[in-house]
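A quick write-up on the structure given underneath.
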Amino acid sequence: MKSLAYKIIESHLSEPVELKPGNIVKIKMDNTLTQDATGTMTYLQLEAMGIDKVFTKSLSYVDHNTLQDGFMNADDHKYLQTVANRYGVYFSRAGNGICHQVQLERFDVPGETLIGADSHTPTAGGMGTLSFGAGGLDVACAMAGIPYSIKLPEVVNVKLTGKLKNGVSAKDIILKLLEIKTVKGGVGKIFEYSGEGIKTLSVPERSTITNMGAELGATTSIFPSDENTREFLEKQGRGHDYIPLSADENAIYDEVIEIDLDTLVPLCAAPHSPDNVKVVKDLSHVKVDQVCIGSCTNSSYMDLCNVASILKGKKIHPDVSLTISFGSKQVLTMLSESGALTDLIASGARLLEATCGPCIGMGQSPRSKGVSLRTFNRNFYGRSGTMDAEVYLVSPETAAISAINGYISDATEVNYKKATLPEKFTIDDSMILVPDCDKQKPIIKGPNIKDVPIGKPLSDIDKKVMIKVKDNITTDHISPAGGKVLPYRSNIEKISEFTFSQLDKDFYNRCKEYNGGIIVAGENYGQGSSREVAALAPLYLNIKAVIAKSFARIHEQNLVNNAILPLVFIDEKDYESIDLLDELVIKNLTELNDKIEVFNKTKNIKLYVTHNLSEEQKEIMRQGGLLNSVKNRKS
Ligand code: MIC
Ligand code: SF4
């Protein structure tokens, strides 16, 4: 009586183990993906592992850093292209589209496994692929043939009944779940969808839901592979990849949530968190300055056809700037072929590249105190590049009608025909370069590519607190994105200057003055993106440990991989007793016992912490991080 997720895990186990939540499972990976912002470090780490050729079907995408303001992005692209060719990785060139969208169109296969250096890799769950977001080093390990180890999550069954009304969309389903479960409600869980309602959702709609499962903190999300999956794959010319897949009848789940699609209304996530969910109708007084449509959540061909239908023959409001970024070259090509692109242009929309664009702060920062409506998945404070902007997350339909009216508006009142899958998708894979693994061709590293910092084996800690932060700190807070910072993803020394810069301008200088120290945090520390730089930069600044009330999954592993000890308060009240610059002494660490004493020398008090580390993670910590541990294993 197994869930679909457990069935796929079982068929990919590298060592037999009882499928009980909490047990460590080692999962063989069939596929990997990287994108350019996380990819350079991933491939530098892969090179350091000394393998000849990757073991997985691997894709490297250029979709995040495409502004090329200065030589840095272009240096990264050249490195990524040449290193991909050497190691046998397919290379999706800038302009071909956002990694998750292209992966879904051209590569995802039901029943296979995928690990990606991007937190939204579970987008592939819409295809029935079991997919995980992870840090770059975990992805490099998967490429080197090392199975992915995780604590087996619980499985939540989300049963969908009914059918969405016109104007209500897949985005509203996942926003509903975010309202129910919050941004930490999915930690340690897989969300598996079933019920009559899923038959009404196409693969791209399902992928909007699995994509934003990342915002629940979920390990991954998955839909069965059924007739809708077959239809999508056939229309993508990949009918041969189809297999039917579902959970066992009467599968046992750890939790069941039911959502009746008939009752759903358009929703939005208000500033500054994806779980701050409100009903769109209740916000009809909010005047809008900017609307941004796109991102890996909502930029499929059907999404943009719906937008075009709503905008057709209308002009956007004079006070609104509307931008559209396309999910992929395929989407853009098909909009152009169908004439929908003409409707978008005629409405006054500003057309951007088929990349992440404004979602990662690469341009289109709103005006001061501006209201921006975005079809994206994250509205964390400051992520848009304007610190006092108010960012709301909505569906493409809500975005389109609001762009016309100039106020947040309800799309159920609009008369438009909802798009269905086309007869056939237009296929042109010429922007995906096939590797020839020629060792004679050089791997080109321009001056922007610097070495990866390497961790040190675990030892006693006697350090001061460098920053104390609250609950739900995102990796965007730790290492911000945007056009000024992202070009230095391959240069940890430089990017470390920006660490925590939006919260505390003195953090970097303080770390330099005291030669690093300890971070103290509240609940769900490190939620959001998988960016390993949020661990690599602290490693470079000699941060030895983070003591938090709890951690988000990917970041906790990134800390371990980079030899920074993630410790958890046993009594959460002790969080209050620690202040900035308190000196903390933590001894006899190598055993990594369940109860560890922390002596606060400044306050002359003791407190106790624990950790969530598996035996394997303890060993990684002792050896000074995952790269050292892999190298030691080989020698
Ligand atoms: C994001 O949406 O935050 C990103 C940018 O795609 C990140 C990866 C990164 O920081 O490069 C993610 O989601 O993992
Ligand atoms: Fe790109 Fe935004 Fe998706 Fe991250 S969430 S992969 S930045 S589109």
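The values are calculated or read from the model by the stated rules, or taken from the named source; none is laboratory data. Please read all numbers here as calculations on a predicted model, not as lab measurements. Please note: Cβ atoms are built from the backbone with ideal geometry, for glycine as well, and neighbour counts cover all protein chains shown.
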Right, Ala170: within 25 Å of Lys418 (Cβ to Cβ) and surrounded by 23 or more Cβ atoms within 10 Å (Cβ to Cβ) or not? yes
Just one listed residue, out of Lys445, Lys441, is over 24 Å from His555 (Cβ atoms), in contact with an Asp or Glu (Cβ under 9 Å, 6 or more places away or on another chain) and away from ligand 2 (no atom under 16 Å from the Cβ), and it is Lys445
If you check Thr32 against the conditions, is it closer than 24 Å to Gln617 by Cβ, at pLDDT 95 or above, within 16 Å of ligand 1 (Cβ to nearest atom) and part of a helix (DSSP H, G or I)? no
Single unsatisfied condition, Asp460 versus (1) of a type in the set (Asp, Glu); (2) within 30 Å of Ile620 (Cβ to Cβ); (3) surrounded by 16 or more Cβ atoms within 10 Å (Cβ to Cβ): (3)
Looking at this structure, is Gly455 part of a loop (DSSP other than H, G, I, E, B), within 27 Å of the chain's Cα centre (by Cα) and at pLDDT below 95? no
Filtering segment 56-78 down to residues that are of a type outside the set (Lys, Arg) and over 23 Å from Leu104 (Cβ atoms) yields Leu67, Gln68, Asp69, Gly70, Phe71, Met72, Asn73, Ala74, Asp75, Asp76
Number of the condition not met by Lys505 [criteria: (1) part of a loop (DSSP other than H, G, I, E, B); (2) away from ligand 1 (no atom under 16 Å from the Cβ); (3) under 22 Å from Val560 (Cα atoms)]: (3)
Test: residue in segment 83-95 that is in contact (Cβ under 8 Å) with a residue 60 or more places away in the chain and among the basic types (Lys, Arg): yes
For residues that are in contact with a Leu (Cβ under 8 Å, 6 or more places away or on another chain) and of a type in the set (A, V, I, L, M, F, W, C), scanning just segment 356-372, find the one that is nearest to ligand 1 (Cβ to nearest atom). Ile360
Name the residue that is surrounded by the fewest Cβ atoms within 10 Å (Cβ to Cβ), counting only residues in segment 95-104 that are more than 15 Å from ligand 1 (Cβ to nearest atom) and either small (Gly, Ala, Ser) or assigned to a helix (DSSP H, G or I) (or both). Gly95
Against the definition (within 17 Å of Leu584 (Cβ to Cβ) and either at pLDDT 95 or above or part of a strand (DSSP E or B) (or both)), how does Ile519 come out, yes or no? yes
Restricting to segment 350-383, what's the tally of residues that are in a loop (DSSP other than H, G, I, E, B) and under 23 Å from Asn166 (Cα atoms)? 3
Residue within segment 273-285 that is crowded, with 22+ Cβ neighbours inside 10 Å, under 13 Å from Ile401 (Cα atoms) and either modelled with pLDDT under 95 or away from ligand 2 (no atom under 16 Å from the Cβ) (or both) present: yes
For segment 488-499, does any single residue satisfy the condition of being surrounded by 18 or more Cβ atoms within 10 Å (Cβ to Cβ), within 16 Å of ligand 2 (Cβ to nearest atom) and not hydroxyl-bearing (Ser, Thr, Tyr)? yes
Could you check how many residues of segment 166-220 are in contact with a Lys or Arg (Cβ under 7 Å, 6 or more places away or on another chain), farther than 22 Å from Leu233 by Cα and of a type in the set (S, T, N, Q)? 2
For segment 413-421, check the following and say yes or no: at least one residue is under 30 Å from Gly237 (Cβ atoms), among the polar types (S, T, N, Q) and more than 16 Å from ligand 2 (Cβ to nearest atom). yes
Breaking point among (1) out of contact with any strand residue (DSSP E or B) (no Cβ under 6 Å at 6 or more places or on another chain); (2) surrounded by fewer than 18 Cβ atoms within 10 Å (Cβ to Cβ), for Arg531: (2)
Go through Ser202, Ser225, Ser221 for me and flag whichever is among the hydroxyl-bearing types (Ser, Thr, Tyr) and surrounded by fewer than 21 Cβ atoms within 10 Å (Cβ to Cβ). Ser202
Would you be able to say whether some residue in segment 340-355 is surrounded by fewer than 22 Cβ atoms within 10 Å (Cβ to Cβ), within 16 Å of ligand 1 (Cβ to nearest atom) and farther than 17 Å from His64 by Cα? no
If we keep just the residues of segment 123-148 that are of a type in the set (Gly, Ala, Ser) and under 15 Å from Arg553 (Cβ atoms), which is farthest from ligand 1 (Cβ to nearest atom)? Ser131
May I ask you to verify whether Thr386 is farther than 19 Å from Leu283 by Cα, modelled with pLDDT of 95 or more, assigned to a loop (DSSP other than H, G, I, E, B) and within 12 Å of ligand 1 (Cβ to nearest atom)? no
